[in-house]
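Data block below; observations after.
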Amino acid sequence: MTRKIRTLVVDDSALMRMLLPAMLERSSEIEVIGAASNPYAAREMIKELNPDVITLDVEMPRMDGLSFLEKIMRLRPTPVVMVSSLTQAGADITLQALEIGAVDFIGKPVMDIEKNMPLLAEQLIEKVKAAAQSRVRRRQRPPVVQAEKLSFETTEVVIAIGASTGGVETLGRLLAGYPANAPGTVIAQHMPPRFTHQFADRLNRNVAVQVREAEHGHRIRPGQVLIAPGDKHLTLKRSGADYVCRLTEDAPVCGHRPSVDVLFQSVAAAAGSNAIGVILTGMGRDGAQGLKAMRDSGATTIGQDEATSLVYGMPKAAFDVGAVEEQLPEDKILPAIMRHVSHRGTALRI
């Protein structure tokens, strides 16, 4: 018999300490081994029970969730799924948690709990299962790779990146090494509304390029990174000499909106061999067929390797269908991107 995923719930709300175990135990693969009301009680339970996964409330008395998460990742690395309020303040705190090393997050139910319970339970179970398979390590930030400034000011090359679980931390390090005149970049990161705007703002404060949430009609320009808004698909269209962003509310693809497949398919059609596609850490298969379309259209394609992916699902799916031209560890991806950009030659437009 397969061993169950031993899960500890940490939440100061008595209601959530009742609801979360009830949701999780709908799965025969998960066993809730305890529920703690604060980090101090949780610390003792972690020592005694050695859970496989922890669900952690962001806001708690005596010690906040972020401080406790830092201690977990430094002293006893364990996969953690944050339970967050889906507000602007909650989004910023949750993004900090993902940067610290949390595997994923789920929003706290605030309305129609009984009606939304089945969907919330399904999402929570999926995230806990993925967390149990993740490669959480003692908190040691890999060095940020600094790319040299490119020898030309503009380029026709477009970079398209897809990521999911683990992508917040990985994208932060990748973009921190971008030179100020890097080619225009479009990103689909699985994330709900509000969070993508906060994510773009946080990145923008720490990198040499301009990072923004994509808007309908945005022109792709060197030195600019555009992130698909939560709950909208981001696609690329050719408009004369320009590449232009289009946003749609079409049905989710691979269970996601924004979908990496949707972005990559559009980049394959619009940019062909003028594009570089990169698929990073994430759960599931989203992006595999889109990256294959990019490779078939002549684009350069890169996948993150298993050893450095928090969750190897998306890069593996892409590799298995023959979509990945180069599979690389995280710290080799940016140099490879810039090498391919440099080989494309000088600028075609300003």
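Every number in this text was worked out from the coordinates using simple rules, so none of it is lab data. All values derive from a computational prediction rather than experimental measurement. Neighbour counts are summed over all protein chains in view; Cβ atoms, including those assigned to glycine, are modelled from backbone coordinates with ideal geometry.
List of remarks:
- Relative contact order (%) - the stretch 5-133, alpha-carbon pairs under 8 angstrom, separation at least six: 25 percent
- 9 Å beta-carbon shell around G162, net charge (K/R +1, D/E -1): -2
- Cα→Cβ-extended label distance, 7 Å offset, between S28 and K332, nm: 4.2 nm
- Ranked V260, V168, V158, criterion: other C-beta atoms within 10 Å, fewest first: V158, V168, V260
- Entry note, the chain: relative contact order of 13 percent, from Cα contacts under 8 Å with a spacing of 6+ residues.
- Within the shell of other residues whose beta carbon sits under 10 angstrom from the beta carbon of I93, the net charge comes to -3, with Lys and Arg scored +1 and Asp and Glu -1.
- The chain: angle of helix 14-24 to the longest principal axis, Cα-based, in degrees nearest 10: 70 degrees
- Helix 39-49 vs. the chain, principal-axis angle (Cα, 0 to 90°, nearest 10): 80 degrees
- Annotation for A269 and R219: the two label points, set 7 Å from Cα along the Cα-Cβ direction, are 2.3 nm apart.
- Put simply, when 300-311, 275-286, 11-22 are sorted by average Cβ atoms within 10 angstrom per residue, most first, you get 275-286, 300-311, 11-22.
- Peptides 44-53, 225-234, 244-253 ranked from most to least packed give 225-234, 44-53, 244-253, packing being the mean of other C-beta atoms within 10 angstrom over each peptide's residues.
- Working from label points 7 Å from Cα in the Cα-to-Cβ sense, the Q210 to V244 distance is 1.8 nm.
- Under the criterion of Cα pairs below 8 Å and six or more residues apart, the relative contact order for the stretch 158-202 equals 57 percent.
- Residues listed by number, the stretch 192-222, amide nitrogen under 17 Å from K237 label point at 7 Å toward C-beta: 214-221
- Antiparallel DSSP beta bridges within the chain, as percent of all bridges there, nearest 5: 20 percent
- Max mean-square fluctuation residue, GNM over the chain, Cα-Cα springs under 10 Å, options S164, S273, S259: S273
- Positive minus negative residues near A132 (Lys, Arg vs Asp, Glu; Cβ under 12 Å): +1
- Look at the dipole of the chain built from charges on Cβ: of H340, L310, G172, the Cα furthest out on the positive end belongs to H340.
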